[in-house]
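The values are calculated or read from the model by the stated rules, or taken from the named source; none is laboratory data. Values in this document were obtained by computation on a predicted structure and should not be read as measured data. We place every Cβ from the backbone using ideal geometry, glycine too, and count neighbours over all the protein chains shown.
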Ligand code: AHR
């Protein structure tokens, strides 16, 4: 019972696009109000931005954040959220059945994102809006001056254009739950026509078309094929979404779900390449996995929330140690496919299925899943190396051939560092691992951090914010160009080497 990986600096999957470590903030629950924005909170700045939350986000080095939805965006009028705050309307928000007070909108998010040190992936409304609003919001955001919408932005106090580069053409338009749900042909047409006018307004933008809402959708992968038939030459990315849960309390299967994520990515990439061939195109379609995470803990509680409240506690999953292992496996799955997946968003960032939790008026803390996300974002920059892995495997009823070892190495040439990310999926036994770094010469261990806990259901809370937290007492040792480590049962490992 042991595992081995060989990596070589010449066998490169990709130069990882940093945006693979993106995240997502929707006007949903307490993500915005009581999350990133809470005027009057002891740590809020003069604009109402919570500095305790900002500091946790800055440590994650989040490169890009998708905003403002999500299902929310398909009924959202962006104009409600700009201009003097006392003139902004409160609206019935139909996706999550709340009241949206519109005290935070486009310009506030741009200001906030600058402080957070992140780029923006703006999703437009293609549920109740269409081509006109698509070009208007882009003119408002990105056009210099001398036109109605750009001058309106200037009158709102923003002389410089926002230069938002990445735009999503709607959200989950294949989902019957979506406001303005469409067939693949209906969506393909409006996405194509919106894309055309948006690029006439600003040719420097990048566009993301909606793929399926999950691998389980009945219209997948026909949806991808039809949508790309209409949009292929007008967009740069196709989106993917998928959430994972452990409703049956079958942890061995839950830990294997990242294999399904990889299968999903490969099938969507194949569908893109099929349309590429059909169109005799030279262009490769890239993937934006812009919603992924564990989501299931809060499902029952959400059914009991009364409608028409402002910022009720929706989708507040409290994450366990085992969820952090799954998030680690999903991150590795994204890295293994980083030749096609160029953007990805952990959904979401604050309070709503999120690595960061807050109390209204109180403290902010990191959930278990914060740590693998932070490790990957901070140390997983550079080149993803092909993982040649030998590992014992196991079967469950739902998934077969799950390797106990899930791993990848990232080479950061600038820093002269290799980082090995590794999950031991074995719930009962530790796993000896040998990593052969034959092309790197003499190696030295900088640090071996481990996230593990005797109780797989252990969580963090405002009372015990540090119950699940990584330690640096991992046992990795270097011997020439080989690294040996014994990975603890059910553990997430980050071995940094130079
Ligand atoms: O992230 C929560 C929701 O999940 C999003 O609003 C929607 O796009 C998806 O169904």
### Query
Does residue 78 qualify as being under 20 Å from residue 190 (Cβ atoms) and more than 16 Å from the ligand (Cβ to nearest atom)?
yes
### Message
Quick test of your reading of the structure: residue 129 fulfils all but one of (1) surrounded by fewer than 22 Cβ atoms within 10 Å (Cβ to Cβ); (2) away from the ligand (no atom under 16 Å from the Cβ). Name the failing condition by number.
### Response
(1)
### Query
Wholly within the range 1-67, which strands (runs of 3 or more DSSP E) include no fewer than the required count, namely at least 2 residues that are modelled with pLDDT of 95 or more, away from the ligand (no atom under 16 Å from the Cβ) and surrounded by fewer than 21 Cβ atoms within 10 Å (Cβ to Cβ)?
3-6, 12-15
### Subset tally (residues that are over 27 Å from the mean Cα position of the chain (by Cα) and either farther than 24 Å from residue 193 by Cβ or touching a residue at least 12 places away in the same chain (Cβ under 8 Å) (or both)) for the range 140-158
13
### Output for the range 235-260, where each listed residue is touching a helix residue (DSSP H, G or I) at 6+ places or on another chain (Cβ under 7 Å), more than 16 Å from the ligand (Cβ to nearest atom) and outside any loop (DSSP other than H, G, I, E, B)
251, 254, 257, 258
### Task
Check whether at least one residue in the range 227-237 is within 18 Å of the chain's Cα centre (by Cα) and without any contact (Cβ under 8 Å) to a residue 40 or more places away in the chain, and report yes or no.
no
### Message
Against the conditions (1) more than 16 Å from the ligand (Cβ to nearest atom); (2) surrounded by 22 or more Cβ atoms within 10 Å (Cβ to Cβ); (3) under 19 Å from the mean Cα position of the chain (by Cα); (4) assigned to a helix (DSSP H, G or I), where does residue 323 fall short? Just the number, please.
### Response
(1)
#### Entry: Members of the range 451-466 found to be assigned to a loop (DSSP other than H, G, I, E, B) and touching a strand residue (DSSP E or B) at 6+ places or on another chain (Cβ under 7 Å), listed by number
452, 456, 457, 458, 460, 462, 465
### Task
Would you mind stating whether residue 346 is under 21 Å from residue 21 (Cβ atoms) and away from the ligand (no atom under 16 Å from the Cβ)?
no
### Task
Give the range 382-400 a look and list any residue that's in contact (Cβ under 8 Å) with a residue 60 or more places away in the chain and part of a loop (DSSP other than H, G, I, E, B), or say none.
382, 386, 387, 391, 392, 396, 397, 398, 399
### Message
Within the range 290-315, take every residue that is outside any loop (DSSP other than H, G, I, E, B) and in contact (Cβ under 8 Å) with a residue 60 or more places away in the chain and give me the one that is nearest to the ligand (Cβ to nearest atom).
### Response
291
### Summary
The condition from (1) touching a helix residue (DSSP H, G or I) at 6+ places or on another chain (Cβ under 6 Å); (2) more than 17 Å from residue 133 (Cβ to Cβ); (3) not in a loop (DSSP other than H, G, I, E, B) that residue 197 misses is numbered (2)
### Message
Scan the range 110-117 and tell me whether some residue there is assigned to a loop (DSSP other than H, G, I, E, B) and under 27 Å from residue 56 (Cα atoms).
### Response
yes
## Note on the structure
The correct count of residues that are closer than 23 Å to residue 23 by Cβ and either part of a loop (DSSP other than H, G, I, E, B) or out of contact with any strand residue (DSSP E or B) (no Cβ under 9 Å at 6 or more places or on another chain) (or both) in the range 79-100 is 2
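For (1) more than 16 Å from the ligand (Cβ to nearest atom); (2) at pLDDT 95 or above; (3) buried (at least 24 other Cβ atoms within 10 Å of the Cβ), each residue gets a yes or a no:
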position	(1), (2), (3)
179	no, yes, no
207	yes, yes, no
211	no, yes, yes
217	no, yes, no
231	yes, yes, yes
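Quick one: is residue 112 in contact (Cβ under 8 Å) with a residue 24 or more places away in the chain, away from the ligand (no atom under 16 Å from the Cβ) and crowded, with 22+ Cβ neighbours inside 10 Å?
yes
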